[in-house]
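Notes to accompany the following structure.
The values are calculated or read from the model by the stated rules, or taken from the named source; none is laboratory data. Quantities reported herein were computed from a predicted structural model and do not represent experimental measurements. Virtual Cβ from ideal backbone geometry, glycine too; neighbours counted across all protein chains shown.
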Amino acid sequence: MSKPLRFCCALMIACTTATTSHAVEGGAGAYLLGSREGFAGIVPKPGTYVGIDLVHTEGVIQGLSLGGLPIKAETDLKVSFAKLSVTQVLETELWGGTPAFNINVPFVLDASLSFIGETPPIVGIPIEDTTSGIGDITLTSLVGWHRGNLHYSAALSLFAPTGSYNTASIDVPGRTINALNTGKNIWSLQPVLAATYFDPSRGLEFSGAASLLFSTRNSATDYQNAPALNLEAAVVQHTKSGWAFGLAGYAYTQIGDDSGSGADATRAFLGVDSLRAQVFGVGPVISYSGPTIFGNDATLKLKYFTEFGAKNRFESDTLWFNIAFSF
């Protein structure tokens, strides 16, 4: 594997299991969409890879459930968070492939939510909430294989409820709501299949990933999120200078409807027949491989996603910077 390619793989594996740092039932899932794009199917050579992400996202939704509290109003959410990712690729062989383990630790730097009340006793009152703190940690095991220019991998991610969580409450005189949490109060499991075709002579790459997200019931609100299908893909042109330019996108849809008394109450309050969510996103990706930072080889990546076609989920714009080191 060439040096630039190895650095790009280090960057991708550092980004692979990013989690959302904010938690809103029916508004966002445990998995941060757009995490798997360039070199999604490649597990690099044995070593230690460390990634640092800085992410800012802004979204809007019309009707959702926050911490057990249904909200009819159009709701705006802004979140800035950082994430530390550490991946260890082992020197041994498993099922003919290369095994690896990853841990992702997110920290919400600032999250703010706002809306204008539409139901008593807050009709016409601007309501706000803010929060910060550690989010839900993700643990991932994966195995990668190589067949010429084709690389593919299988992974299993576990999202642990390590972030803080409380059910919602409203302070009418203070015009505030206590509903944002840094955790989701649920366990989630995500099996993933990913593949990459990369032609080193032309520098052209095609990558894709498919995953299913299964979550446990939120015991605090009796809200059960339905399983969700995530499809992600990217086309990237790599240059000999270490720069790469591409386009990435994703599609998300729940393959059932949310259940439990919390979901039933939300449907009744919002006057809808289904809470089934979907969203699509697309945007550019730029990366540079090869610089030495703090004495270690590094890769830099910048990507931006804009979402459309959202239903029962925040429709967001996300700016995402990553730096990855290989040891």
> Is it the case that some residue within segment 156-166 is part of a loop (DSSP other than H, G, I, E, B), surrounded by 19 or more Cβ atoms within 10 Å (Cβ to Cβ) and of a type in the set (A, V, I, L, M)?
Replying inline: no
>> For segment 31-69, give me each residue that is in a loop (DSSP other than H, G, I, E, B) and either in contact with a Cys (Cβ under 6 Å, 6 or more places away or on another chain) or under 19 Å from Leu302 (Cα atoms) (or both).
In response: Leu32, Leu33, Gly34, Ser35, Arg36, Glu37, Gly38, Phe39, Ala40, Ile42, Pro44
> If only one of Gly67, Gly51, Gly96 is farther than 22 Å from Asn230 by Cα, buried (at least 16 other Cβ atoms within 10 Å of the Cβ), at pLDDT 90 or above and touching a strand residue (DSSP E or B) at 6+ places or on another chain (Cβ under 8 Å), which one is it?
Replying inline: Gly51
> Of all residues in segment 91-120, how many are under 28 Å from Arg175 (Cβ atoms), part of a loop (DSSP other than H, G, I, E, B) and out of contact with any Gly (no Cβ under 9 Å at 6 or more places or on another chain)?
Replying inline: 2
>> So if I check each of Leu64, Leu77, Leu109, which one is among the aliphatic types (A, V, I, L, M) and farther than 22 Å from Asn218 by Cβ?
In response: Leu109
>> Give me the residue from segment 167-188 that is of a type in the set (Gly, Ala, Ser) and not in a loop (DSSP other than H, G, I, E, B) and, out of that set, modelled with the highest pLDDT.
In response: Ser188
> Got a sec? Which of Leu270, Leu319 is out of contact with any helix residue (DSSP H, G or I) (no Cβ under 9 Å at 6 or more places or on another chain) and surrounded by 17 or more Cβ atoms within 10 Å (Cβ to Cβ)?
Replying inline: Leu270
